[in-house]
1. So, R0 is 30 Å and r is the distance between the beta-carbons of H97 and E189; what FRET efficiency does that work out to, to 0.05?
2. Compute the FRET efficiency between K238 and S174 as 1/(1 + (r/R0)^6), taking r as their Cβ-Cβ distance and R0 = 45 Å, and round to the nearest 0.05.
3. At a 1.4 Å probe radius, which order do S94, S174 fall into by accessible area, largest first?
4. Compute the length gained on full extension between R311 and E218: take 0.36 nm times their separation in residues and subtract their Cα-Cα distance, giving the result in nm to one decimal.
5. Taking a probe of 1.4 angstrom, what is the accessible area of R92 in Å², to the nearest 10?
6. Taking the Cα centre of the stretch 212-257 as origin, sum charge times position over the Cβ atoms of Lys and Arg (+1) and Asp and Glu (-1), and report the length of that vector in debye to the nearest 20.
7. First select every other residue whose beta carbon is under 10 angstrom from the beta carbon of N286; then total the charges, Lys and Arg +1, Asp and Glu -1.
8. Per-residue counts of other Cβ atoms within 10 Å, averaged by peptide: what ranking do you get for 192-198, 231-237, highest first?
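The values are calculated or read from the model by the stated rules, or taken from the named source; none is laboratory data. None of the values given here were measured: they were computed from a predicted structure. Neighbour counts are summed over all protein chains in view; Cβ atoms, including those assigned to glycine, are modelled from backbone coordinates with ideal geometry. These accessible areas exclude ligands, DNA and RNA; they are computed on the full protein's heavy atoms, side chains included. Shrake-Rupley method; radii C 1.70, N 1.55, O 1.52, S 1.80 Å.
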Amino acid sequence: YQRRVRGKREKKKRGGINKKFGLCLFVYCILPTLPTYLPYQPTNQPSNLVVSKFLVLFIPFLSTTMKIKEYRIPLPFSLEEYRVAQPYMVARVSKEHSRSGNGVEIVANEPYTEEAGMGPAGQFTHKIFKIGDALPWYINWAIPSSFVIEEKAWNAYPYCKTVHSCTAFKYNFSISIETRYIEDQGTTENPFNLTPAELKEREVDVVDIAYDPVGVQELKGSPKYKPEEDPTLYMSEKSGRGKLQPDWVQTHKPIMCSYKLCKVNCETPKFQSWVEDYIHKHALRNVFFEGHRKVFCWLDEWFGWNMEDVRRYEAQTQAELNKIAGKSKEPDGADQ
């Protein structure tokens, strides 16, 4: 009789484990797809709140292997032109995404000497992104309201290393981006000198700023789309470039490519794979695609500038952003 009772208890226990595992599979594989099939609901709908809480609480343990993803972004510029365009793009996008109490605080923007592991001497920038109030409600529900992301970048053109980090949670989270600019069509096989083992794990994603099949479809279906920031419609008066054709990567002169090697690190192993997939799909790729579309369509604003011009623009932007962020002290040289 005791053996029969123990057998029933063990069978019931195994059944409970299988049910919990099935629930995790349902929540992770099926539940995230439901909002795409439901009609639009206001952000305060209880059903959306339930979905978000289930996703946070019941995501199953996933792979802990860090992915190596390399983005290749062909651009209709020369290397010397993009040396001005890149800091201009960063400064202007920072202004566009800033508002009272939120946005970007520029802590430092200064030359640096050669540092261990950071390559040759260049320009160092340190920024703090205060975005707590600007996050969607379903993310604010799970994180502190004073959510900030810290960015440190070492720009030794044509090489740059950027590290984004966040310590709002128990475990640290960081994104490392190595960038190398090469005057080609995105055909360099190993721009970061990866080992054979790393090359085997590397995933290459080519981003076409004009005709990317994924990016264009998502952007045109959102309120962020602007015809004046569409490279297939824009024509530059100063340079005569614009209205890029489907074969522009092969035919346009000048041409260069921005190679970006991205690694996402989450110190919570069970979330490593999920965090990586989300960041690559919804953050990094979209930022690279939309930002480089904009910088081409802003061509007449910076075309003909030199590095002194762009440094003055950066100083002016730094003063404006720090004022928005609540910092009254202006940086040295901001009034020049």
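1. The pair H97/E189 has a calculated efficiency of 0.30.
2. About 0.70, to the nearest 0.05.
3. In descending accessible area the options line up as S174, S94.
4. Result for the pair: 30.1 nm of gain on full extension.
5. So the heavy atoms of R92 present about 50 Å² to solvent.
6. Using Cβ point charges on Lys, Arg, Asp and Glu, the stretch 212-257 gives about 140 debye.
7. +1
8. Peptide ranking by packing, descending: 231-237, 192-198.
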